Amino acid sequence: MNQSSLFHEPTFGEVADYYARERLPQVAKSTASCHRSILALARVGLPDRPTSGDVLEFFNCLLRGDGPMVQGRSKKLLASTINAHRSVLHKVYEFGIRHRWRVAYNPIHDVPPLRVHDPAPRALRDDAHTMVRLAAVCPTATDRALLWSLRLLGLRIGEGLGLEPRHVRFDRGEVLVEQQRSEMGFAPGPLKVDTAKATLPLPAMLAQALRDSLRERMTATGYRPGTWFQSQAGRRYLFPHYNERLKALMADFRKVSAEDFPLRVVGEQGAAAWHVFRHTYGTELVNRNLPLEQVQLHMRHADVSTTAGYVASIRGRVLNQELTRGVQDAWAQSFADAEAALQAQKDAAAAGQGPAFRVVRGAGESTQEQQRGSDIRPEEAQISLPRKGR
């Protein structure tokens, strides 16, 4: 390091290039890719030597959606995403100051984080009928089991993806939640908060869905080698879903109920769309007039203020509607009617009158006809997945 570089006031491009060259090769590929995209956006939107005012105006433009054009369009980001951008840019300047430009000015230091307003919990508008329609368009029994586990247990999507066969105890009627998995990776990780670890009751409907899923996967493993069930995740987890499969499944859900799964603004994580099932679970608990402490216990929230958001949202948005009268009875009756209709379709398919349901992927795409049901009789004992090589 020469003496002149210590007191040289670098441009943002010089600081970004130094960070990309010296630091990014040392981090994970996904992290490096994310940081490069943030740096590319900042190169377009910031001047050569930005001030704190320039940075704040850049963030406000991103919040409004009239920021710099990137690949032919302006990006509109959430406040939480902009705060993540701020954190990365702050690290970029601090890295340059620590290792090269000792007296350089960090304009990010004087820019406070934007205030983030947590959105109100958003439940399915017509819970019972929508869930049955969503289950009908799931291509496989494993997809249906994932759907029902999120809805009936109120799981976060990462908690559902982290379930293994050992976590489901059919004989005791229990589901153990003790880990989670990202849709981008294979290895499990710790739960979001310590209070999220719990042993939950296993509803009969979910137990049957899990049995159907395990039977389907055992059949696929035995007679159709090379299926997605035989991936590394498929040999370990109940739901071996990765990001691409979740996106395809959510696209099918949007065709069924677009108002319940609106397309998000740029920057929001894909897991937020799956969180609607957990919000529906919390909404039902509040509709049953459970005490706030009981709702917090069932939702496994670390802070009661998070649970209070459900109560405030329900009071202002749901309790005045007709749907809240006799929620539990109507919900159970709707599912019973829908299951009877699906059973009639399955019987018709078994009699050779055609497929139980049909999934149309979209214009120009192939049509898949899925046959519900199986000749394998359900077993009451716990079913475990066969290991590779046996």
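Quick notes
- Cα-projected label distance for Arg36 with Ala204, points at 7 Å along beta-carbon direction, nm: 5.5
- Taking every protein chain into account, the 1.4 Å probe leaves Lys247 with about 120 Å² of accessible area, to the nearest ten.
- Accessible-area composition of the stretch 76-125, carbon plus sulfur, in percent [1.4 Å probe]: 52
- For Arg169, solvent-accessible area (1.4 Å; no DNA, RNA or ligand), Å²: 70
- Full-stretch length increase - Asp66, Leu176 - with 0.36 nm per residue and alpha-carbon distance subtracted: 34.9 nm
- Interchain or long-range residues, amide H under 5 Å from Glu174's placed H: Arg169, Leu202
- Segments 148-157, 38-47 sorted - mean Cβ within 10 Å per residue, highest first: 148-157, 38-47
- Trypsin sites (Lys or Arg not before Pro) lying in DSSP loop within the stretch 273-315, provided at most 12 other Cβ fall within 10 Å: Arg288
The values are calculated or read from the model by the stated rules, or taken from the named source; none is laboratory data. No experiment lies behind these values; they were computed from the predicted model shown. Cβ: placed from backbone, ideal geometry, glycine included. Neighbour counts: every protein chain shown. To get the accessible areas, we keep the full protein, side chains included, count just its heavy atoms, and leave off ligands, DNA and RNA. Shrake-Rupley method; radii C 1.70, N 1.55, O 1.52, S 1.80 Å.
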